[in-house]
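Inspection log for the structure reproduced underneath, given as structure tokens.
The values are calculated or read from the model by the stated rules, or taken from the named source; none is laboratory data. Model, not experiment: these values are computed from the prediction. Backbone-built Cβ (ideal geometry, glycine too); neighbour counts: all protein chains shown.
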Amino acid sequence: MKKYNPDKLKKIHVYPLIIILIIVVFIVGVAISLLAGALFDNLTRGKISQGYKWAQGFYSQIKEIDLDDKSALDDAFSNYSAVVNDVTGVTVSDGETVLYQCGEEISDLKTDAMDYSGFIELYDEELENYTIYLDTAENAYFDKFASGNLAFIQKTLFKSIELSDEMGENADFNEVMNMSVFEQTCYYGFKNDDGTVTYVALNLHIIVQDVILVELVCVSISLICFIYLIFVIFMFIRFVRSQRRLLKLYYADKETGGKNWYYFLGEASKKMKKYRRKNVKAAMVHIRMEKYRNYCSCYGDKEGRALVGDFYDVIRRNITKKETFARHEMCDFGLLICYENEGQLVERIEKIMGLLDAKRPNIKLYFKAGINILDGEIMEPSEAYNRATIARAKIEDTHNENVSFFTQQMKEELLWERKVENDMERALINHEYKVYLQPKYSVDDEKLAAAEALVRWVHPTEGLIAPYKFIPIFERNGFITKLDDYMIAEVAKLQAKWIAEGKKIVPISVNVSRAHFTRENLAEHICEIVDSYKVPHEAIELELTESAFFDDKETLIGIVNKMKDYGFAVSMDDFGAGYSSLNSLKELPIDVVKLDAEFFRGNDEEGKGKVIVSDAISLAKKLNMRIVAEGIETREQVDFLAENECDLIQGYYFAKPMPVEEFEVKVAEDA
């Protein structure tokens, strides 16, 4: 099925097409006139051809008849004169011509018949017959037909009907209908066995009713074609009008009453091509009213829609005909505008945002704008707009700036993101994601007691890629769930290998991203992966970040309980990085709490950090939870955690994340 493209409907212009249809009607009319002439021509030529065949038949009979047998001649002439209007026979012998009409010799025409002797020279040795066309006034009509001037003949015939003296005032219908409007006498000459030549004269007539029949057929066809074309024009106009109404609906934004985003993308594409061709300076701008949802919550959705409509009117009044804009979603607007220099561009954008803010003078509204300069690079409007949104998103809330340009650094980040997305599926298939393990040490004996599985991407051209360069991208595009499954499977495979080799195994924690918790059967899904390698569930610990708790609390709690029922230990990563950690501890049925590394970084001259860590450990102990401290880098931190009965320590003080081979050596050393 072809994709529906409403933009094509804009190119339909009704009146030029109506003119084209009128031209078509004219052409059809001319074609019908030619058809009438052709029919009339065929009628005439058909009679002439038919007459020639009759003349041949007449001759085939008359040459077998003795010319002195007047009765036989009379019968022959009578038979053929019933078909052809008049058949006249002429015999030429030794320069003497005898004219016969209906089998009787016409002696008073002998003198005139002598003129026929001059045509003996036309005798055709090859065909053995003579054909003579007399050059008389009546022949003029036939000559016209022979030359193909059909339209002129048709006009002449009708003129003959109108001016004929035979059509008197008292002429009845039958008399008029049977009146000859075309008359042609054709002469055929045949050589006899005795050396004489017989000529047959055929008088051919086309009468009024023959012409009227042809004209009635042509007029009927013309009338039907004309009515049909009028119908087609009428239906076409209705179709175009209905399509334009559909187009108007398709391009309408119900929130603002103006043009929508589909219209903007189409118009922007055409204008961007024009700008590149004429070297016009242009920019794609994204303007957003921050916290629009909060505004609707406070004042209602109806007022929110009214506000968006007012914003649309403001921007429309500040956009020239060479530019275009539309609302994208909620209270986001895309603008394609021209500018002279960047200073003037920023000033203009700030002025527009000021006018938007003035629409509600008693309420403080906040706006931010991202600008992507179109420097001649060929791209789609959607891509240019995405760059403008990236520039806007880079504006931090803590700064007073409200306008940001898309920079080269942002472009490089965008290119890197594209590269990552292009390669991520292939990397999964080729096992380019490698498991690195960071040991966790027991505080009591400082022995390796557990580990955390971390991912590293060994790219064929980029080399070793750190997680921070691709994990955020995977979290945005949803690929992180596939990576989670991959890591769980790889860890289960490792432990199955160690069990088969009789080596010591320790619990290994694997991160489960918040995106995975949208899956209601997540616990069963993880069970299937682990059970396929026949690894005990207690050997794998599932880590979830505290931020996952804020998505869907009820669903999260249900999934965690299922995981615990299946025998998996569940830990909360980055405890202390959020704002509701204590509430999380109260409601989430977790087994392990991992203290965020930020607790142990920076100066803590007043000892506040130690107090918080000490109380957090004490609180977790009272809730029957184990404690893991991550990011530990000094001996002092280790001693402090030992004093406060922390269970496990993870950090550079003991070991960095390492490949599986090195980890196996570490486990063997501590065994």
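Does GLU520 meet the test of being at pLDDT 90 or above and among the charged types (D, E, K, R)? Spelling it out, it is not the case that GLU520 is at pLDDT 90 or above and among the charged types (D, E, K, R). Candidates in region 358-378 are the residues that are closer than 23 Å to PHE264 by Cβ and free of Cβ contacts under 8 Å to residues at least 24 places away in the same chain; of these, the one that is surrounded by the fewest Cβ atoms within 10 Å (Cβ to Cβ) is ASP375. Taking the condition surrounded by 13 or more Cβ atoms within 10 Å (Cβ to Cβ), on the phi > 0 side of the Ramachandran plot and modelled with pLDDT under 90, does LYS291 pass? Here the answer is yes, as LYS291 does meet what is asked. Given GLU538, GLU528, which one is exposed (fewer than 14 other Cβ atoms within 10 Å of the Cβ), without any contact (Cβ under 8 Å) to a residue 12 or more places away in the chain and not aliphatic (A, V, I, L, M)? Result: GLU528 is the single residue among GLU538, GLU528 that is exposed (fewer than 14 other Cβ atoms within 10 Å of the Cβ), without any contact (Cβ under 8 Å) to a residue 12 or more places away in the chain and not aliphatic (A, V, I, L, M). Taking the stated definitions as given, is CYS338 surrounded by fewer than 21 Cβ atoms within 10 Å (Cβ to Cβ) and touching a strand residue (DSSP E or B) at 6+ places or on another chain (Cβ under 7 Å)? Spelling it out, CYS338 is indeed surrounded by fewer than 21 Cβ atoms within 10 Å (Cβ to Cβ) and touching a strand residue (DSSP E or B) at 6+ places or on another chain (Cβ under 7 Å). Go through region 240-257 and give me each residue that's among the β-branched types (Val, Ile, Thr) and either within 22 Å of ASP313 (Cα to Cα) or at pLDDT 80 or above (or both). Across region 240-257, the qualifying residue is only THR256. Output the residues belonging to region 283-316 that are among the hydrophobic types (A, V, I, L, M, F, W, C) and either in contact (Cβ under 8 Å) with a residue 24 or more places away in the chain or outside any helix (DSSP H, G or I) (or both). Scanning region 283-316 gives ALA283, MET284, VAL285, ILE287, MET289, LEU307, VAL308, PHE311, VAL314, ILE315.
The requirement of being surrounded by fewer than 16 Cβ atoms within 10 Å (Cβ to Cβ) and either in contact (Cβ under 8 Å) with a residue 60 or more places away in the chain or hydrophobic (A, V, I, L, M, F, W, C) (or both) is satisfied by TRP416. For region 515-534, a tally of residues being basic (Lys, Arg) and under 23 Å from ILE499 (Cβ atoms) returns 1.
Whether a residue is more than 24 Å from LYS281 (Cα to Cα) and β-branched (Val, Ile, Thr) was assessed, and ILE363 passes this test.
Residue-by-condition table, conditions (1) assigned to a loop (DSSP other than H, G, I, E, B); (2) at positive phi; (3) surrounded by fewer than 18 Cβ atoms within 10 Å (Cβ to Cβ); (4) at pLDDT below 95:
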| residue | (1), (2), (3), (4) |
| --- | --- |
| LEU464 | no, no, yes, yes |
| TYR468 | no, no, yes, yes |
| PRO472 | no, no, yes, yes |
| GLU475 | no, no, yes, yes |
| THR481 | no, no, no, yes |
| TYR486 | no, no, yes, no |
| VAL491 | no, no, no, no |
| ILE499 | no, no, yes, yes |
| LYS504 | yes, no, yes, yes |
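Within this structure, GLU636 fails the test of being modelled with pLDDT of 80 or more and in contact with a strand residue (DSSP E or B) (Cβ under 9 Å, 6 or more places away or on another chain).
Yes/no per residue for (1) within 20 Å of ASP444 (Cβ to Cβ); (2) outside any helix (DSSP H, G or I):
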position: PRO589; (1), (2): no, yes
position: LYS594; (1), (2): yes, yes
position: PHE599; (1), (2): no, no
position: VAL613; (1), (2): yes, no
position: LYS621; (1), (2): yes, no
position: VAL628; (1), (2): yes, yes
position: ALA642; (1), (2): yes, no
position: ALA655; (1), (2): yes, yes
